[in-house]
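Just below is one structure, and these are the notes that go with it.
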Amino acid sequence: MKTYKDIVGDGGSNIIEQVTEQGNRLSDRLSSVRHIIAVMSGKGGVGKSSLSVNLAATLAMKGNAVGIVDTDINGSSVAKMCGVQDQKSTPGTDGMNPATGDLGIKVMAIDLLLADSSDPVVWDAPTQKDAFTWRGMMEAAAIRELIADTNWGTLDYLLIDLPPGTDKLPNVVDILPRISGTIIVTIPSAVSQFVVGKSIKMATDILQTPVIGLIENMSAYVCPKCGNEDVLFPTGHVEKLAKDYQVPYLGKIPFDPRMAFASDEGRFFVKDHESLPAANAIAGLGEKIISFTESQQD
Ligand SMILES: Nc1ncnc2c1ncn2[C@@H]1O[C@H](COP(=O)(O)OP(=O)(O)OP(=O)(O)O)[C@@H](O)[C@H]1O
Ligand SMILES: [Mg+2]
């Protein structure tokens, strides 16, 4: 059997034309999307998906048409957090139809395309070694298709929830014709900040994407019984990190167990608990995104 190593030239696949065509399709598709915001962090488990989902909700509550795409192919969580994991994406006349959640939020994720959303994604190849070799390219191609082949309609904001890893932003920057801004998420622990510093460098120095700023998640603990806030990690370091890397510090979001419960139930915390400190903080972050994107249009 021939493998990719035996192929001379493009092996008759007309690959250049295919990639160009897909790039054009992506540009056409995104021409009806006003702002594209990437939510990233080099570190895993810091709240990227929870914040993406709740930011989508707060932007929608302010009257915007919002979509969200989960680019985590192997660990997607956005569809479940938006309560749409049982809505399967269906083919329409103009691409795949995204799921539609509460507040009219359009959602696309790999789970919506799998027959059983609990199945892992396995890259197929003649041997596992070849599958590993292709994985990065296949992953980028899958993300491109999730964005380019989805019938988003007209959107004010498309949020891109990235998987953990400093190398993930380049994947989407390579694919997308433009990014309006990047939000970088960290928690206050020293280990997280070390890795997040690398993400900031990647976003600013290497890729030169517009950075909206750094957000400090899980800054304190809010007791659901008495409402008291208590310290979770040593404070002040994230503001210093933002200063050191010369990116705006966007503020703190406390840890509130009700956010975790709401996500698990597929409900929007910011909608169910609008007056709580963590919901207020996310609404404030939404305002900053709106101001940033509006200032970019001038
Ligand atoms: N401010 C918060 N208050 C309470 N729970 C939170 C908060 N932020 C995140 N969580 C919870 O922490 C867990 C991890 O969050 P989440 O999945 O959003 O992180 P992530 O950065 O997207 O992870 P991954 O790197 O795996 O993609 C989830 O259970 C989520 O509900
Ligand atoms: Mg995530």
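What the table below lists for this structure:
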{"item": "Label point distance in nm, residue 231-residue 258, each placed 7 Å from Cα along Cα→Cβ", "result": "2.6"}
{"item": "Cα gyration tensor shape of the chain, rounded if a/c is under 1.5, else prolate or oblate by comparing a/b with b/c", "result": "prolate"}
{"item": "Global form of region 153-288, assessed from the alpha-carbon gyration tensor, a/c cut-off 1.5", "result": "oblate"}
{"item": "Mean residue ellipticity (222 nm) of the chain, computed from DSSP H runs ≥ 4 via -39,500 (n - 2.57), nearest 500", "result": "-12000 deg cm²/dmol"}
{"item": "Pairwise label distance in nanometres, residue 25 with residue 207, each label 7 Å out on the Cα-Cβ vector", "result": "2.3"}
{"item": "Point-to-point label distance, residue 296-residue 223, nm (Cα→Cβ direction, 7 Å offset)", "result": "4.2"}
{"item": "Separation of alpha-carbon centers, region 224-243 and region 28-86, rounded to whole Å", "result": "25"}
{"item": "Amide H partners (placed H, <5 Å) of residue 211, local residues excluded", "result": "182"}
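FYI, it's all coordinate maths here, none of it is from the lab. Model, not experiment: these values are computed from the prediction. Cβ sites come from the backbone with ideal geometry, for glycine too, and all protein chains shown count toward neighbours.
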